[in-house]
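Inspection log for the structure reproduced underneath, given as structure tokens.
Each reported figure results from applying straightforward, stated rules to the coordinates on display, with no laboratory input. Note that the structure is predicted; figures quoted are calculated from it, not measured. Every residue, glycine among them, receives a Cβ derived from its backbone with ideal geometry; neighbour counts consider all protein chains shown.
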Protein chains: 4
Amino acid sequence: MTTKAPQQFASDNYAGICPAALDAMLAANAGSAVAYGRDDWTQAASDAMRAAFEADAEIFFVFNGTAANSLALASLCRSYQSIIAADLAHIETDECGAPEFFSNGAKLLTVPTQGGKLTPDAITAIATSRDDIHFPKPAVVTITQPTETGLLYTLEEIREIAATCRRLSLRLHMDGARFAQAVAALGCTPADMTWRAGVDVLCCGGTKGGMAIGEAVVFFDRALADGFDYRCKQAGQLASKMRFLSAPWVGVLTEGRWIGYARHANAAARRLGARIEAIDGVSLLFPVQANAVFVVMPPAVASALRDRGWVFYEFIGGAARFMFAWDADLARVDQLADDLASCAGASGRNA
Amino acid sequence: MTTKAPQQFASDNYAGICPAALDAMLAANAGSAVAYGRDDWTQAASDAMRAAFEADAEIFFVFNGTAANSLALASLCRSYQSIIAADLAHIETDECGAPEFFSNGAKLLTVPTQGGKLTPDAITAIATSRDDIHFPKPAVVTITQPTETGLLYTLEEIREIAATCRRLSLRLHMDGARFAQAVAALGCTPADMTWRAGVDVLCCGGTKGGMAIGEAVVFFDRALADGFDYRCKQAGQLASKMRFLSAPWVGVLTEGRWIGYARHANAAARRLGARIEAIDGVSLLFPVQANAVFVVMPPAVASALRDRGWVFYEFIGGAARFMFAWDADLARVDQLADDLASCAGASGRNA
Amino acid sequence: MTTKAPQQFASDNYAGICPAALDAMLAANAGSAVAYGRDDWTQAASDAMRAAFEADAEIFFVFNGTAANSLALASLCRSYQSIIAADLAHIETDECGAPEFFSNGAKLLTVPTQGGKLTPDAITAIATSRDDIHFPKPAVVTITQPTETGLLYTLEEIREIAATCRRLSLRLHMDGARFAQAVAALGCTPADMTWRAGVDVLCCGGTKGGMAIGEAVVFFDRALADGFDYRCKQAGQLASKMRFLSAPWVGVLTEGRWIGYARHANAAARRLGARIEAIDGVSLLFPVQANAVFVVMPPAVASALRDRGWVFYEFIGGAARFMFAWDADLARVDQLADDLASCAGASGRNA
Amino acid sequence: MTTKAPQQFASDNYAGICPAALDAMLAANAGSAVAYGRDDWTQAASDAMRAAFEADAEIFFVFNGTAANSLALASLCRSYQSIIAADLAHIETDECGAPEFFSNGAKLLTVPTQGGKLTPDAITAIATSRDDIHFPKPAVVTITQPTETGLLYTLEEIREIAATCRRLSLRLHMDGARFAQAVAALGCTPADMTWRAGVDVLCCGGTKGGMAIGEAVVFFDRALADGFDYRCKQAGQLASKMRFLSAPWVGVLTEGRWIGYARHANAAARRLGARIEAIDGVSLLFPVQANAVFVVMPPAVASALRDRGWVFYEFIGGAARFMFAWDADLARVDQLADDLASCAGASGRNA
């Protein structure tokens, strides 16, 4: 059987394994290796992460983003505390209660935002709104970089949020499901966007960056990682043949390939974005800053686009979301833009 | 970097990816595919499982055995109930509290056993020992097939346990981390060993059978699977690029390859077992029935063996455990037997 | 030492034990009795509840409202499901994550409301908003009667909500922390407001009704109560000397005393409400329907009132909340009204 | 209705409220008071506890022993850690999985004991048995004083266990459901038996000491109590009318009344114990050291005793347990001894 079908941009999870990750997996498959992460590949991957982040960080490789974020957040609070998040945060809208499950009941305190970006003022307001025992005391702030809407926090914005967190005795967690795309877009270093800006713990996306399976949890303060290995084990997130989770990181971190893949994904998004700005009747819901494009279009246009075989999700008041991965075929991006223009034109004529 | 090193038999988790699984992963990597299990490969893998088990079962692919067993057990009881297990059950001895975590507190009631095999009498005794509210009412029995000690339940034994469970209104769960090895050893069909014998839910091992990552949870009674998809999602066990978890199942189930691999692993174990019976000063702790060999040897012999580079764990009163995988090199098995004979002989002469 | 101090109306939890409850506690204290609820008083209290509700309900006596509501909701959903509640629901705003803790992660889906009252349309909208696996499927709706703002659902409104729930396969839970006050205000029977209207499970307030400690959980469908006794035990809500939790119910249910107490509390609230309507510069935030009065007043008035020794909480945009209990001293209510008028008048003159 | 019936000694939970506790509850019922523990009675009770323990401890009043022990233990470990306990510990045998529930999965590691008493050697053995990630790392040791079998740890034994705990970086928790009885029996001070001996956290029984409802959790190291107030709130253990939980402590602590009551209970047990030693055909399973008496008797004797109306539980290989409370009627104790002698004699003659 075969998977071959015209490429879709409904999600960056639709993409396969990037060559750098695949080659490393295949290389790791030679011979036998010690289990549960005490193998050479896992050591090498951890070292490569530390090098990439210029930090003596503690690294854990887990299976997916649900677990990475939920476990990291659970480690940063107790069940009777709370987590400050944007209203559009993935952990609030699309994790089926995973953070609450892993933390045994920590409450998400969500803040209304423009496009999913938290601000120091909003954090301060909710964190200081109450101090009675009936209200779960905030312990951690989580930001998604880039946001679920494809927006970026600037380094300065992250630093200000981190300063706010320190002032309020809150930890700062970054959901970096598309971390490489953010690094590529901002043109900064991984260190700049994380510990140098004040981030305590990063969940660094592997799957959306081109791996088959796997995310990394990066503790910049090793004291915060105490017991996290046991936590992963208990929560079903310790791979026995760990090398197949870790080797791909060696592959993509080598020579900065992960950033290269991310740059390509971002470029595809910008390409579509630029085309859309020139099409009458459709518009961008958010500026295109990373690898996502949200398109506002009339229902008739959306329907016509689907009739042409395009698959996409609708979010946030009905905008169509297109996400680009490491393997985005630019001709196919153009095809999408052409179809969109054509559908919008036809719709315009019919209106 | 390379993984190459002399093969060890400390664990069947030390082996790499078997060709059938790897080829399917590579095939699945062609092009893009829908995420979260709605892809063709996952459909094909589920169908292949149903065919292999001759049953219209509900199938879920999760990341590892910790999660497979813990989620399955959590779905079969409530937090205030209990799970009857053998004292040597992996879920009791080696999961760092995972069943308790996933079930939010269900208690394991363990039964002293010979080699990890539960009996109808032992189940009945503990299940009927108390009926007061201070004691968590048993809801499910779990058996490991083959056991952690490499022993097999006969089909008749499973049927009798299942009958006991029905009589006591208990569900029957099978931890089949090495399920194929048991099928190969008993020479029966997967159906005979599970639903035809009265098993309600099976956790079917992929990793120890030759995959990189992944286990299958098989619900023979579809009503019991209600909500299990959401349960997996919340617990961080829903893979976004599911095809890479499911395609390997298509690979190994094709033409019964999984049983072939298992047969090889079992043969390697029997080969070592036969050699050991002929060596003075060492002995088998359990009869060799699947792919495990437990060797009782004097500390000096164990130490000498380690000095020769052999890696192994000690279990159950200090016996050395050797586990064989799909890729066991028979020459290397012979090497182990030779080294063992040599070390035992030297120790005998010194004594 | 003594508790004597001028009566405050900051909370109906400030009141002591009503005579009917106290007399029963004292009567229950004669001699020894079987523990854990198998005593005669607990049997009598359960029977009295069944008589009061004209239903063969299953009754549980637990320690407080946090536990009553959280355990009841946990029994009506699984961890990966969700609970539909008003944005102002006590379980959302004032339980420090208790429902999430007891349910091990069930998510509260809150709906913006006017004064905390859910509507069939709002329930339908949120319950049908998504059906994907990333969203915790709603399993239960909870309404507070009277609401946290002192508003009442009419019987017709409850019936319509219940019909909506049945249509959507949702269970209906009622947080009746002030249940007697609602019954007294509507002039209906307990049965009318609950099972006859379609409520599945009621948490019936004891503490706010005049007990020292204790709430009752009432399952009108006994099948839903299966295992709830074990659930209470595991969650630390099974009293060993249960008679002291249950006897007060016998006391207050006798001759409808609980409704009499509630009627007095409601009357005190109406008395203050009527006075407030006549005072310039202050106003009612909500109509006075049960035993709560929310007063909108300028900060200077609030401050002046506090200077005169009055204690009150501010809710919902700064309105002062006054709650009346079974023991509300009407002269003291008048004193509050007088002081409020005086402070408002002074403030008006100063403005 | 009335509770009056011949006194039974099946449990010290069968007793009613002792005068000191009742008088304080009644005194606390005068007037209204601030809720949730910010009232004068709760302050006074905390101060009285600190005075009784000669320590600046942090005190919490919760509803029952299940919750007190489970919350205290949950605060001393994380879900992926473990709790070392005696095989006969109440938290293992009679709490329906409560410690696992409150801690979200911490595992109890039980040690075979003689009569439920842990030893330094047993603690060391299990705590150092494994250090791999598949085994939940021990974080806390719990001892019951007096044990569930009525035995006492000497002060020296507690000190040695505490020293062992410190050596192994484990916390020491004491389940003191019958703490006063232990103090009375050893003739020491509360301080001697707890913090001076190295206990970190004590759960101090109120119910079995003569209260209607309530236990105290005493943190001798205030740092360990951080967040415990929120933990209680979330777990349904924060009483709104807290004064009715706390005032009884003021009552019983005044002039050492709690120790007086305990002394009486112990004396009743000793009285029965002395009689039993003189009866042929029955014997004591354990020496009588506190308020429990375990009697080994032939089934025919047990049956005959039940025929005479005596109620008792059978534990530990069938011994009958008799527990004495603050109100034990010595004439009734003699009656029990007489009946026992008579039944045993009749049985002896028949044998």
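What about B:Asp23, is it surrounded by fewer than 24 Cβ atoms within 10 Å (Cβ to Cβ), in a loop (DSSP other than H, G, I, E, B) and of a type in the set (Asp, Glu)? The answer is no for B:Asp23. Filtering the range B:248-262 to residues that are buried (at least 19 other Cβ atoms within 10 Å of the Cβ), away from chain A (no Cβ under 14 Å) and under 17 Å from the mean Cα position of the chain (by Cα) leaves B:Val252, B:Trp258, B:Ile259, B:Tyr261, B:Ala262. For the range C:174-195, taking the residues that are out of contact with any helix residue (DSSP H, G or I) (no Cβ under 6 Å at 6 or more places or on another chain) and part of a strand (DSSP E or B), the one that is surrounded by the fewest Cβ atoms within 10 Å (Cβ to Cβ) is identified as C:Met174.
Residues that are at positive phi and either hydrophobic (A, V, I, L, M, F, W, C) or within 9 Å of chain B (Cβ to nearest Cβ) (or both) within the range A:226-247 comprise just one, A:Gly236.
A residue that is in contact with a helix residue (DSSP H, G or I) (Cβ under 6 Å, 6 or more places away or on another chain) and polar (S, T, N, Q) occurs somewhere in the range B:261-269. Considering the range A:10-25, the residues that are more than 7 Å from chain B (Cβ to nearest Cβ) and in contact with a strand residue (DSSP E or B) (Cβ under 7 Å, 6 or more places away or on another chain) include one that is nearest to A:Ala191 (Cα to Cα), namely A:Asp12. Of the residues making up the range B:26-71, those that are surrounded by fewer than 24 Cβ atoms within 10 Å (Cβ to Cβ), within 10 Å of another protein chain (Cβ to nearest Cβ) and aliphatic (A, V, I, L, M) are B:Leu26, B:Ala27, B:Ala30, B:Val34, B:Ala35, B:Ala44. Of the set (1) surrounded by fewer than 20 Cβ atoms within 10 Å (Cβ to Cβ); (2) under 19 Å from D:Arg178 (Cα atoms); (3) in contact (Cβ under 8 Å) with a residue 24 or more places away in the chain; (4) not hydrophobic (A, V, I, L, M, F, W, C), all apply to D:Arg270 but (3). Considering only the range A:93-136, state which residues are facing another protein chain (nearest Cβ under 9 Å) and on the phi > 0 side of the Ramachandran plot. Matches in the range A:93-136: A:Cys96, A:Gly97, A:Asn104, A:Gly105.
B:Ala223 passes every criterion in (1) away from every other protein chain (no Cβ under 13 Å); (2) in contact with a helix residue (DSSP H, G or I) (Cβ under 8 Å, 6 or more places away or on another chain); (3) hydrophobic (A, V, I, L, M, F, W, C) apart from (2).
Surrounded by 24 or more Cβ atoms within 10 Å (Cβ to Cβ), in contact (Cβ under 8 Å) with a residue 24 or more places away in the chain, within 14 Å of chain B (Cβ to nearest Cβ) and touching an Asp or Glu at 6+ places or on another chain (Cβ under 9 Å), is that true of A:Ser79? So A:Ser79 fits the description; yes. Being assigned to a helix (DSSP H, G or I) and either under 12 Å from the mean Cα position of the chain (by Cα) or over 18 Å from D:Asn69 (Cβ atoms) (or both): is that true of D:Thr164 here? For D:Thr164, the condition - assigned to a helix (DSSP H, G or I) and either under 12 Å from the mean Cα position of the chain (by Cα) or over 18 Å from D:Asn69 (Cβ atoms) (or both) - is met.
Would you be able to say whether some residue in the range C:73-86 is within 20 Å of C:Ala225 (Cβ to Cβ) and within 17 Å of the chain's Cα centre (by Cα)? Within the range C:73-86, one or more residues are within 20 Å of C:Ala225 (Cβ to Cβ) and within 17 Å of the chain's Cα centre (by Cα). Within the range B:291-324, the only residue that satisfies the criterion of being farther than 29 Å from B:Tyr261 by Cβ and either β-branched (Val, Ile, Thr) or in contact (Cβ under 8 Å) with a residue 60 or more places away in the chain (or both) is B:Val301.
Has the range B:306-318 got any residue that is of a type outside the set (Gly, Ala, Ser) and in contact with a helix residue (DSSP H, G or I) (Cβ under 6 Å, 6 or more places away or on another chain)? Yes, the range B:306-318 has at least one match. Screening A:Ala106 on (1) farther than 19 Å from A:Phe179 by Cα; (2) touching a residue at least 40 places away in the same chain (Cβ under 8 Å) shows it passes everything except condition (2). All conditions in (1) buried (at least 19 other Cβ atoms within 10 Å of the Cβ); (2) touching a Lys or Arg at 6+ places or on another chain (Cβ under 9 Å); (3) within 30 Å of D:Phe286 (Cβ to Cβ) hold for D:Thr124, with the sole exception of (1).
Given (1) without any contact (Cβ under 8 Å) to a residue 40 or more places away in the chain; (2) crowded, with 24+ Cβ neighbours inside 10 Å; (3) of a type in the set (Val, Ile, Thr), where does A:Thr113 come up short, assuming only one miss? Result: A:Thr113 fails condition (2) only. Look at the range A:230-245: where a residue is farther than 12 Å from B:Ser70 by Cβ and a partner is of a type in the set (D, E, K, R), sitting 6+ places away or on another chain with Cβ atoms under 6 Å, you get A:Arg243/A:Asp39.
Among the residues making up the range B:196-210, those that are in contact with a Lys or Arg (Cβ under 8 Å, 6 or more places away or on another chain) and either within 14 Å of chain A (Cβ to nearest Cβ) or closer than 30 Å to A:Ala325 by Cα (or both) are B:Gly205, B:Thr207, B:Lys208, B:Gly209.
Just give me the residues in the range C:1-20 being outside any helix (DSSP H, G or I) and within 24 Å of the chain's Cα centre (by Cα), in sequence order. Listed by number, the residues that qualify are C:Gln7, C:Gln8, C:Phe9, C:Ala10, C:Ser11, C:Asp12, C:Asn13, C:Tyr14, C:Ala15, C:Gly16, C:Ile17, C:Cys18.
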